[in-house]
Amino acid sequence: MILDAAISLVGLIVPPAFDFVKKKFLSKKEDDAMSTISSLATTKPEIMPSYVDAMSKLIDSQVRHFNRDVSGDISSWVSDLRASIRPIFVILSILVRSLGWALNWQIDESFIATMDLCISSWFGSRLF
């Protein structure tokens, strides 16, 4: 019981805390595309078109590299299935935990811990 509560609290608190620490304490890159464009706009505006063209080619090549194993457009049911995996697992975890409590099932502790962590981390990622 204490282990379940501890795992649930960890899953509930860690995602928002991690996001908070990342936003507040980790320095942001000062040398990104937008800061370069803004400095070019004030110092050398004649170079901006070639810089924007080069950045668009870079982003296009990164997208092609990321999607290198996808040929053509993926069908909508594949996209929907991939998007629904985590919510389905959370719903099934809540259902199994509820039925296990109501029907007094004997469920392995590691399985219970996994379900609790999945449920709480999903809710924790939705807090903020």
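Values as computed for the structure displayed
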{"quantity": "Considering residues of the stretch 78-128 that are within 24 Å of the chain's Cα centre (by Cα) and among the basic types (Lys, Arg) only, the residue nearest to Val14 (Cα to Cα)", "calculated": "Arg126"}
{"quantity": "Search result, residues across the stretch 5-46 that are over 24 Å from the mean Cα position of the chain (by Cα) and surrounded by 13 or more Cβ atoms within 10 Å (Cβ to Cβ)", "calculated": "Thr36, Ile37, Leu40"}
{"quantity": "Tabulated pairs, the stretch 93-113, first under 16 Å from Leu3 (Cβ atoms), second exposed (fewer than 15 other Cβ atoms within 10 Å of the Cβ), C-beta under 6 angstrom, 6+ apart or interchain", "calculated": "Gly100/Ile107"}
{"quantity": "Flag for Ile107 being assigned to a loop (DSSP other than H, G, I, E, B), within 23 Å of Gly124 (Cβ to Cβ) and out of contact with any Cys (no Cβ under 6 Å at 6 or more places or on another chain)", "calculated": "yes"}
{"quantity": "Yes/no for Ser98 being among the small types (Gly, Ala, Ser), closer than 30 Å to Pro16 by Cβ and out of contact with any strand residue (DSSP E or B) (no Cβ under 8 Å at 6 or more places or on another chain)", "calculated": "yes"}
{"quantity": "Residue within the stretch 93-100 that is closer than 19 Å to Ser125 by Cα, modelled with pLDDT of 80 or more and not aromatic (Phe, Trp, Tyr) present", "calculated": "yes"}
{"quantity": "Which listed residue, of Ile37, Ile74, is among the hydrophobic types (A, V, I, L, M, F, W, C), farther than 30 Å from Leu3 by Cα, at pLDDT below 85 and not in a helix (DSSP H, G or I)", "calculated": "Ile74"}
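The values are calculated or read from the model by the stated rules, or taken from the named source; none is laboratory data. All of these numbers come straight from a predicted model, not from anything done at the bench. Note that each Cβ is placed from the backbone with ideal geometry, even for glycine, and that neighbours are counted across all protein chains shown.
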